[in-house]
Amino acid sequence: MPCLFPTRISACILHQNRRNFRYVLCSPSPSSITSTFAVSNSRSLSSISLSPATVDDFQAGNTQRMNLFTAINNAMSIALQKDESAVVFGEDVAFGGVFRCTQGLREKFGEDRVFNTPLSENGIAGFAIGYASMSGTAIGEIQFADYIFPAFDQIVNEMAKFRYRSGNQWNCGGVTLRSPVGAVGHGGHYHSQSPEAYLAHTPGIVVVMPRGPKAAKGLLLSSIRSKDPVVFLEPKALYRAAVEDVPVDDYELELGKAEILQEGSDVTVLGWGGHLQVLQQAVDLAKERDGISCELIDLQTIVPWDVDCIAHSVRKTGKLIVSHEAPITCGFGAEIVATIQKECFYSLECPIQRVCGYDTPFPLVFEKYYIPDKLKNYEAIKSAMEFSN
């Protein structure tokens with residue numbers, strides 16, 4: 001049986017040097033490929049800014065009003081400018097993408113660095129792994145998170161295990177797979193799902209979901225430069241709805257760190273992604289109607305998640321509400337509940353509550369009933385207070 005290794009590697013080499021297409025496909029061995037193109041196994045960081053500022057450094061600096069998709073676009077533009085090995089690719093990416101996140105990048109950086117792919121999520125992930133394994137920075141787009149499942153073999157069995165199975169001799173840490181996620185108001189079964197729990201069950205990858213433009217830019221730049229492969233989930237409902245003053249310069253937000261958006265003393269309320277807007281409305285309602293002081297936390301990174309931040313808050317408030325759009329059974333909220341119950345058992349004043357989607361396929365007609373809205377979360381907050389009283 002012929003060796004399949006050259007064919008897998010050839011995908012990334014082909015992009016680096018199209019004129020050698022015939023040679024690469026016919027190469028008899030991995031050694032002939034690597035010697036011809038002088039590639040190395042170690043990811044090169046020579047052209048990457050290793051110590052960019054954090055967002056706090058720019059609070060009084062130069063900012064610009066951006067919505068979520070323009071902040072994502074700006075982050076990728078910075079990455080492409082500062083890292084010559086970076087490429088952006090996916091379905092319709094060269095045309096600006098379905099949500100316009102890659103608008104103008106092809107014109108600015110050229111068709112060899114921003115390009116379309118066939119309609120194959122498995123192929124997109126496989127190309128990203130191959131390119132990153134040869135020291136490149138691969139920024140792939142899965143057009144909707146609902147269609148990430150065909151790529152699971154590549155993500156779970158290749159991307160997540162690449163470093164581990166080689167004894168740290170090889171890695172594909174240069175992979176970042178972006179994908180729109182969550183409800184959008186009219187997406188139905190196949191354009192509304194939140195698959196973060198599936199991904200979180202896979203050791204070896206980082207899973208990130210920002211809540212808005214400022215966080216998205218800093219977290220995406222950190223993801224692109226991470227030494228681990230990252231799946232970056234973008235709340236599609238916020239692409240145009242969420243607008244913030246975003247620093248125009250290069251900055252990063254640390255992966256694996258939660259952010260306390262609002263300090264409080266009575267109840268800890270935890271969520272991630274676009275659902276934070278719903279939770280903000282719920283905690284505001286609890287304060288206005290009942291005088292309940294809620295501590296609102298954005299998890300930001302699903303894996304690895306910030307156990308210390310959440311545990312510290314729960315030890316203070318004695319109560320925890322975890323809310324997410326995904327179905328409640330085996331949702332990532334269950335992992336949080338199990339961990340916090342163990343870490344904060346003697347501090348808990350009531351059972352931890354989850355306010356989540358139902359265990360059904362995402363319904364088109366009943367979407368507004370499926371989503372854990374502000375009233376459902378408000379009732380959970382009140383219930384926690386009543387139990388402890």
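Backbone phi angles across segment 113-130, fed through the Karplus curve with coefficients 6.51, -1.76 and 1.60 (θ = phi - 60°), yield HN-Hα couplings of 10, 9, 8, 7, 10, x, 7, 8, 5, 4, x, 4, 5, x, 4, 4, 5, x Hz in residue order; Gly and Pro are listed as x.
For A326, the residues whose amide H sits under 5 Å from its own are G357, ignoring neighbours fewer than 5 places away on the same chain, with H placed 1.01 Å from N. All other residues whose Cβ lies under 14 angstrom from that of C356 are scored, Lys and Arg at +1 and Asp and Glu at -1, for a net of -4. For A86, nonlocal amide neighbours, meaning residues 5 or more places apart or on other chains whose placed amide H falls under 5 Å from its own, are T137. Couplings 3J(HN,Hα) of segment 346-361, computed from phi: 7, 9, 6, 9, 7, x, 5, 10, 10, 10, 9, x, 7, 7, 9, x Hz, in residue order, whole Hz [Karplus 6.51 cos²θ - 1.76 cosθ + 1.60, θ = phi - 60°; x for Gly and Pro].
For segment 53-252, the relative contact order is 29 percent, taking Cα pairs closer than 8 Å that sit 6 or more residues apart in sequence and dividing their mean separation by the residue count.
Across segment 313-328, coupling constants 3J(HN,Hα) worked out from phi with the 6.51/-1.76/1.60 Karplus curve, θ = phi - 60°, read 5, 5, 5, 7, 8, x, 9, 9, 10, 10, 9, 8, 6, 5, x, 5 Hz, and Gly and Pro carry x. For K161, go through the lysines and keep the ones whose alpha-carbon is under 30 Å away, minus same-chain ones fewer than eight residues off. Output for K161: K82, K217, K227, K236, K257, K342. Distance from the Cα centroid of segment 228-295 to that of segment 119-176 is 28 Å (rounded to whole angstrom).
Take every DSSP beta bridge whose two residues both sit in segment 259-388; close to 20 percent of them are antiparallel.
In this structure the amide hydrogen of K257, modeled in the peptide plane, comes within under 5 Å of the amide hydrogens of T301, none closer than 5 places in sequence on its chain.
Bear in mind that the values in this text are calculations on the coordinates, not laboratory data. These figures come from a predicted structure and were not determined experimentally. Glycine gets a Cβ as well: all are built from the backbone with ideal geometry, and neighbour counts include every protein chain shown.
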